[in-house]
1. Rounded to the nearest 0.05, what FRET efficiency is calculated for B:ALA269 and B:GLU179 with R0 set to 41 Å and r the Cβ-Cβ distance?
2. At a Förster radius of 35 Å, what calculated FRET efficiency corresponds to the Cβ-Cβ distance of B:ALA395 and B:ASP365, to the nearest 0.05?
3. Hey, could you get me the Stokes-Einstein D for the range A:7-123, Kirkwood radius over alpha-carbon pairs, 25 °C and 0.890 mPa s, rounded to whole µm² s⁻¹?
4. Residue separation times 0.36 nm, minus the C-alpha to C-alpha distance between B:VAL258 and B:MET241: what's the value?
5. For the range B:245-329, restrict the atom set to alpha-carbon positions and state the Rg and Dmax in Å.
6. Which whole-angstrom value gives the distance between the alpha carbon centres of the range B:293-318 and the range B:357-378?
7. Treat the count of other C-beta atoms within 10 Å as a stand-in for reagent exposure and order A:ARG23, B:ARG190, B:ARG109, B:ARG140 from fewest to most.
8. Just how large is the dipole of the range B:278-348 about the Cα centre, in debye to the nearest 20, putting +1 at every Lys and Arg Cβ and -1 at every Asp and Glu Cβ?
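Read the figures in this text as sums done on the coordinates, not as results from a lab. Not measured: the values here are computed from a predicted model. Note that we place each Cβ from the backbone using ideal geometry, even for glycine, and neighbour counts take in every protein chain shown.
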Amino acid sequence: MPLPPKHIAILDDDKSVRTALSRLLNASGMNAVCFATCTSFLNSLEQNMWDCVVLDLQMPQMTGMEVLEYITQARISVPIVIVTAHDELGSPEACLAAGVSAYLRKPIRADSLIDAISTAIQSSEAVS
Amino acid sequence: MFGGVARNIPDPLLRFARAIAELISPARTFPETAQADSADAGGMVGAGARWRVSNRTIAMVLGLSFAIVALSLLDSSQPVIHMLHQHRVSTIVGVTVIELALIAAIFFRDGDRQKAERLLQENEARMALAADAANVGLWRWNAATGRFWMTDHCRKLFGVDAGCDTAVILAAVHPDDLERVREAVHDARRNGGGFDVRFRLACGSDPVRWLRSRGRAENGADGTLLHVAGSVVDISEFMTMQAEIDRQRQSLIHLTRVGTVGELSGALAHELNQPLTAILSNAQAIQRMIGQEPINLEELRNAISDIVDDDSRAGDIIRHLRTLLKRAPIRRDPVDMRLLADRTVHFVRHELVARRIAPVVTASDEPMMVMGDGVQLQQLLLNLILNAAEAISEAKQKNGILLINGEVIGGGADRRYHLVVSDTGKGIGPEVMERLFEPFFSTKNHGLGLGLSISRAIVDGHGGKIYADRNEWGGASFHVFLPAAARGRT
Ligand SMILES: Nc1ncnc2c1ncn2[C@@H]1O[C@H](COP(=O)(O)OP(=O)(O)OP(=O)(O)O)[C@@H](O)[C@H]1O
Ligand SMILES: [Mg+2]
């Protein structure tokens with residue numbers, strides 16, 4: 001019996017990136033939903049419906065690091081995979097210290113993204 | 001009046017009078033040829049003609065009076081007749097005395113005129129000498145005769161011979177500059193004002209020789225053109241130096257632009273990474289989709305079309321980068337400043353996002369055309385935007401605002417484009433304000449201090465003005481005024 005598809009939230013301010021990522025994840029048997037702004041994403045967190053979050057570090061209103069802080073402070077436990085174009089906004093070490101499951105640099109290969117997401121989900125499920 | 005008297009005199013008497021007149025006057029009349037060159041030079045052509053007429057007439061009267069006196073003396077040699085015609089004799093003597101006085105006055109005047117003439121020639125020679133010493137050539141074009149008078153030095157500068165006409169002089173001017181020279185002189189003629197024109201010589205020497213002529217057109221009381229006169233100097237050396245300074249300035253502008261783009265490299269890498277990420281993800285999504293049953297054709301088509309779009313987006317960024325990095329000769333094209341502001345903000349938006357700055361561009365709906373170099377004008381905008389962004393970051397502001405506003409002010413020939421780049425940053429203190437545009441003045445740790453001096457050079461090169469002041473939020477506002485391109489030349 002196939003497992004139900006995992007729910008993935010993608011937060012990226014770039015429309016073509018989030019569309020392409022969601023297309024890739026959907027084609028890989030997941031159920032991806034895109035968010036363009038931090039506010040809409042943070043609102044969605046309350047329903048606690050995400051198996052994993054794919055997060056870009058560079059966003060107009062809040063940086064990815066601030067989103068991380070918010071999630072930690074709100075005691076929401078959701079595995080997070082960071083995708084970023086450059087390291088200036090938050091070093092991999094800082095992100096990993098903040099509880100991030102994986103840190104990937106754009107452009108991302110499909111295999112590594114899907115691996116990272118699966119590993120993140122598995123380890124969070126193992127914890128809970 | 002004298003003509004009338006002369007006509008009533010019997011023929012032999014008239015001839016005698018003429019003979020005497022001839023005897024006195026030849027030295028006093030001007031030879032026609034000498035007049036064209038020397039009298040014109042002093043602007044004495046009108047006065048000279050008047051002198052000539054009166055001299056002839058006066059000489060004529062002089063001759064006549066001698067004849068009359070001689071006749072009356074012959075007559076009065078017989079005492080009876082003398083007694084009989086006492087009144088006539090005294091009248092004749094009276095007339096003679098008056099005429100002698102007149103003659104004396106004429107000689108006196110004639111002496112004065114010759115003195116004035118000599119003085120004028122001396123002055124002229126002295127002026128030509130002084131002009132020669134200062135390496136200045138002088139010329140005058142007579143509207144009536146169409147001839148040129150020039151100092152020797154002026155002839156040497158133009159490389160022409162004495163007594164040449166307009167066609168010869170114009171042939172000495174470089175064909176590409178001829179229209180400009182003509183226009184300048186014609187404008188001066190039409191408006192009765194001055195002109196100042198720089199032009200190359202046609203002689204084909206290497207390096208090209210440049211002359212600068214300044215002068216004015218002189219109209220008579222009735223508004224007709226009398227003459228056009230001016231000075232000429234050789235400005236070849238100055239122009240060569242100017243060209244060298246210009247070349248160096250252009251290199252500096254280019255170098256600093258490359259530096260600015262270098263500083264933006266992080267943001268630009270991100271900018272370029274986005275479409276590449278999207279392309280790769282779409283391509284890999286397609287790989288997965290075509291392995292599935294049934295194939296979702298709709299989604300497949302969307303993915304492919306997105307790849308095409310993202311590829312052209314990446315291409316645009318690279319093209320944009322190339323134009324900024326390339327060292328190209330300066331251009332003068334119609335540039336829409338409103339569009340340029342949008343493009344520049346778009347170009348640096350990742351840098352702004354990273355600094356948590358929201359850019360706002362406001363402008364009226366109509367295009368704002370400026371004649372100039374699009375790349376340099378973009379560099380100007382980049383410098384101002386990045387300074388504003390740095391000022392906001394230095395003030396440790398979150399959610400700082402960068403406002404770019406453009407509007408057209410003035411009308412007609414004074415139509416200008418007013419651009420203001422305002423920030424909510426740390427602002428500019430009085431001691432910084434004073435030195436703002438100085439090269440190498442910077443308050444930043446890693447600042448070269450060239451951004452604003454280069455910006456000013458760019459604005460100057462476009463015939464504009466730039467200044468800074470403090471705005472209502474305590475931040476800085478940079479105002480740039482650029483002359484708007486003539487309408488219809490878009
Ligand atoms: N928007 C601004 N707000 C406050 N100060 C400013 C602003 N723009 C410029 N300045 C001041 O003017 C100085 C000179 O600016 P300029 O752009 O010429 O050099 P810089 O930014 O220091 O270095 P760079 O060569 O990298 O541009 C800056 O160091 C800063 O002190
Ligand atoms: Mg600067």
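1. The value I calculate is 0.20.
2. E(calc), rounded to 0.05, equals 0.60.
3. Result for D is 176 µm²/s.
4. Full extension of this stretch gives 3.6 nm more.
5. Rg then Dmax for the range B:245-329, in Å: 19.5, 70.
6. 31 Å
7. B:ARG190, B:ARG109, B:ARG140, A:ARG23
8. Roughly 740 debye for the range B:278-348.
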